[in-house]
Amino acid sequence: MSNTPLPHRAASCLCGAIRINVTGAPLSTYLCHCRACQKACGVVFSSNAAYQADHVQITFPKGDDPSSVLRTFEDDKSSDSGTVILRTFCAVCGSRLTTQRLGSPDRLVLAVGLFAGDEGRQADMKPTSEYFCVNRAAWLGEVEGGITRLDKMV
Ligand SMILES: [Zn+2]
Ligand SMILES: [Zn+2]
């Protein structure tokens, strides 16, 4: 038995109205090059860390009313599987926060960029998979040492 404590990671949106604390290592880490992620993030790929939902704690350190700062966009069009994706974002600063498949409440996917400033993310958030590689920007290389590369989501 190891007594090594589970890692804690601290994330926040750009304005700091929303803070996200996670415990333990992510279930999976991946880049997604799908067009929906490109639009939603304003970047040519999304960088994601999936966690067990009960290992994620979302707080509002400025005392904001959660429903006024944490907004959810129900994305019912972009998923190839036909699954509705719940995309949350900060209503104040626009940071993209989490994605979750409707009907999969146990799994919550966090945008890795939110952990900027937490040095620990370097250790356990390197992506091991890439999805929708068919949409990868032509000038962008593959992740070195990446394990799984697929042209769709699994
Ligand atoms: Zn914010
Ligand atoms: Zn995607």
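Could you tell me whether ALA91 is surrounded by 14 or more Cβ atoms within 10 Å (Cβ to Cβ), in contact (Cβ under 8 Å) with a residue 12 or more places away in the chain, hydrophobic (A, V, I, L, M, F, W, C) and closer than 29 Å to LEU140 by Cβ? It is false that ALA91 is surrounded by 14 or more Cβ atoms within 10 Å (Cβ to Cβ), in contact (Cβ under 8 Å) with a residue 12 or more places away in the chain, hydrophobic (A, V, I, L, M, F, W, C) and closer than 29 Å to LEU140 by Cβ.
Residues in the range 105-139 that are part of a loop (DSSP other than H, G, I, E, B) and either surrounded by 13 or more Cβ atoms within 10 Å (Cβ to Cβ) or among the charged types (D, E, K, R) (or both): ASP106, ASP118, GLU119, MET125, LYS126, PRO127, THR128, PHE132, ARG136. Do you know which residues across the range 32-59 are of a type in the set (Phe, Trp, Tyr) and surrounded by fewer than 15 Cβ atoms within 10 Å (Cβ to Cβ)? None; the set is empty. The condition (being farther than 20 Å from PRO7 by Cα, within 16 Å of ligand 1 (Cβ to nearest atom) and in contact with a strand residue (DSSP E or B) (Cβ under 9 Å, 6 or more places away or on another chain)) is satisfied by just one residue among PHE45, PHE89: PHE89.
When THR72 is tested against (1) at pLDDT below 95; (2) more than 12 Å from the chain's Cα centre (by Cα), just one condition goes unmet, and that condition is (1). Contact annotation: no residue pair with Cβ atoms under 6 Å, 6 or more positions apart or on different chains, pairs a residue in the range 131-154 that is β-branched (Val, Ile, Thr) with a partner that is at pLDDT 95 or above and more than 15 Å from ligand 2 (Cβ to nearest atom).
For (1) crowded, with 20+ Cβ neighbours inside 10 Å; (2) within 13 Å of ligand 1 (Cβ to nearest atom); (3) aromatic (Phe, Trp, Tyr); (4) under 22 Å from TYR30 (Cβ atoms), each residue gets a yes or a no:
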position	(1), (2), (3), (4)
LYS62	no, yes, no, no
PRO66	no, yes, no, no
THR72	no, no, no, yes
LYS77	no, no, no, yes
THR83	no, no, no, yes
ARG96	yes, yes, no, yes
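Note on the range 1-47: enclosed strands (runs of 3 or more DSSP E) holding 3 or more residues that are touching a helix residue (DSSP H, G or I) at 6+ places or on another chain (Cβ under 7 Å) are 8-12, 19-23. Within the set ALA40, ALA50, the sole residue that is small (Gly, Ala, Ser) and either more than 16 Å from ligand 1 (Cβ to nearest atom) or in contact with a Leu (Cβ under 8 Å, 6 or more places away or on another chain) (or both) turns out to be ALA50.
The values are calculated or read from the model by the stated rules, or taken from the named source; none is laboratory data. Since this is a predicted model, take the numbers as computed values, not measurements. Cβ coordinates were reconstructed from backbone atoms using ideal geometry, including for glycine residues, and neighbour counts include every protein chain displayed.
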